[in-house]
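K.L.:
Quick one: the structure is below, and I'll ask about it shortly.
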Amino acid sequence: KMRLIIGIGGVTNGGKTTLTNRLLKALPNSCVVHQDDFFKRPDQIEVGEDGFRQWDVISALDMEAMTNTVKGWQENPVKFARSHGVSLSPEAEKPDSVHILIVEGFLIYNYKPLLDVYDKCFYISIPYEECKRRRSTRTYTVPDPPGLFDGHVWPMYLKHRKEMDYNCDRIEYLDGMTSKDDIYNAAYESIQNALLNNL
Ligand SMILES: Nc1ncnc2c1ncn2[C@@H]1O[C@H](COP(=O)(O)OP(=O)(O)O)[C@@H](O)[C@H]1O
Ligand SMILES: O=C(O)c1ccc[n+]([C@@H]2O[C@H](COP(=O)([O-])O)[C@@H](O)[C@H]2O)c1
């Protein structure tokens, strides 16, 4: 079986989920792992010297559980799809069928054990002003307290982005300020090329 793991990383509200959902619709036998699903409970999140709960750090996430979920897909993508309610194409169980996993999240390139699993590494970024604007319209399971964006979210983004640029040299950057269609088309074309080169 041909298997492809696609990373969709990027800044908060950059458009990762939007792109991921479009790719899932377009790519047969594709499953997804959302990093957001691995946030620890609020009472397990450390409070920093700045008074903010430190959500935007790797230790706020159960990365072991996330890694095991990705491993589960690698071991048996058909079983993974079934247990996650993903309908498969009639060819899915043939030996030469293609299976795709999308791993989506804001810190997917800041955890060493996962870095090697990605066949493709996309990264969506948007500038500060737009990020702050989009974030202010969003409500998470725990709503942002006043000042969180400037006091925690953006500084942590800058720090992790530097770390990522240092640790990973295979990133394909997508401009989150372009249209949803443009972003999708750029990613889709790159994925098709990867599939062609592997088959
Ligand atoms: N290319 C785009 N142009 C304008 N707005 C976008 C674009 N992509 C996503 N958005 C909007 O930005 C917000 C965050 O998008 P989302 O996909 O949830 O981001 P993420 O998963 O990276 O946090 C949503 O309101 C979404 O509709
Ligand atoms: O999903 C949650 O439970 C949750 C709880 C608190 C905060 N978050 C925020 O989720 C952000 C990452 O998700 P996203 O979709 O914006 O990339 C990150 O910036 C966190 O501050 C998310």
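The values are calculated or read from the model by the stated rules, or taken from the named source; none is laboratory data. Nothing here was measured: the structure is a model prediction, and the numbers come from that model. Methodologically, a virtual Cβ is constructed for each residue, glycine included, from the backbone with ideal geometry; neighbour enumeration extends over all protein chains shown.
K.L.:
Quick one: how many residues across the range 112-132 are within 20 Å of F52 (Cα to Cα) and without any contact (Cβ under 8 Å) to a residue 24 or more places away in the chain?
P.N.:
1
K.L.:
Another question, then. Could you figure out which of (1) part of a loop (DSSP other than H, G, I, E, B); (2) within 16 Å of ligand 2 (Cβ to nearest atom) isn't true of L19?
P.N.:
The failed condition is (1).
K.L.:
Name every residue in the range 48-97 that is within 13 Å of ligand 2 (Cβ to nearest atom), surrounded by fewer than 16 Cβ atoms within 10 Å (Cβ to Cβ) and either of a type in the set (A, V, I, L, M, F, W, C) or within 17 Å of N29 (Cβ to Cβ) (or both), in order of residue number.
P.N.:
I58
K.L.:
Restricting the search to the range 1-39, which residues are basic (K, R) and within 8 Å of ligand 1 (Cβ to nearest atom)?
P.N.:
K16 - this is the single residue of the range 1-39 that is basic (K, R) and within 8 Å of ligand 1 (Cβ to nearest atom).
K.L.:
Turning to a different aspect of this structure: Do we find that Q54 is among the polar types (S, T, N, Q) and farther than 20 Å from Y157 by Cα in this structure?
P.N.:
The answer is no for Q54.
K.L.:
OK, next. Report, by residue number, each residue of the range 138-171 that is more than 18 Å from D56 (Cα to Cα) and either of a type in the set (D, E, K, R) or within 16 Å of ligand 1 (Cβ to nearest atom) (or both).
P.N.:
Hits for the range 138-171 are D169, R170, I171.
K.L.:
Residues of the range 98-143 being more than 17 Å from the chain's Cα centre (by Cα), closer than 25 Å to A65 by Cα and within 13 Å of ligand 2 (Cβ to nearest atom), which ones?
P.N.:
Selection gives T139, T141, V142, P143.
K.L.:
Counting only residues that are in contact (Cβ under 8 Å) with a residue 40 or more places away in the chain and assigned to a loop (DSSP other than H, G, I, E, B), which one in the range 81-90 is farthest from M2 (Cα to Cα)? Show your work before the answer.
P.N.:
Let us first name the residues in the range 81-90 that are in contact (Cβ under 8 Å) with a residue 40 or more places away in the chain, namely 81, 84, 86, 88-89.
Subsequent filtering for residues that are assigned to a loop (DSSP other than H, G, I, E, B) retains 84, 86, 88-89.
Values: H84: 20, V86: 18, L88: 15, S89: 14 Å.
For the range 81-90, the residue satisfying everything is H84.
K.L.:
Now for a separate question. Given V103, V98, which one is in contact with a Pro (Cβ under 8 Å, 6 or more places away or on another chain) and not small (G, A, S)?
P.N.:
Residue meeting the stated conditions: V98.
K.L.:
Go through the range 36-80 and count every residue that is in contact with a Lys or Arg (Cβ under 9 Å, 6 or more places away or on another chain) and outside any loop (DSSP other than H, G, I, E, B).
P.N.:
Residues that pass the stated criteria total 10.
K.L.:
Criterion first (at pLDDT 95 or above and within 23 Å of A194 (Cα to Cα)) does E91 satisfy it?
P.N.:
Working: at pLDDT 95 or above: no; within 23 Å of A194 (Cα to Cα): yes.
The answer is no for E91.
K.L.:
Of all residues in the range 137-165, which are assigned to a helix (DSSP H, G or I) and either of a type in the set (A, V, I, L, M, F, W, C) or surrounded by fewer than 11 Cβ atoms within 10 Å (Cβ to Cβ) (or both)? Steps first, answer last, please.
P.N.:
Within the range 137-165, the subset assigned to a helix (DSSP H, G or I) is 148-165.
Selection gives L148, F149, V153, W154, M156, L158, K162, M164.
K.L.:
Answer yes if at least one residue in the range 111-130 is within 14 Å of ligand 1 (Cβ to nearest atom) and assigned to a helix (DSSP H, G or I), and no otherwise. First the steps, then the outcome.
P.N.:
Of all residues in the range 111-130, those within 14 Å of ligand 1 (Cβ to nearest atom) come to 122-127, 129-130.
Next, only the ones that are assigned to a helix (DSSP H, G or I) stay: 129-130.
Yes, some residue in the range 111-130 is within 14 Å of ligand 1 (Cβ to nearest atom) and assigned to a helix (DSSP H, G or I).
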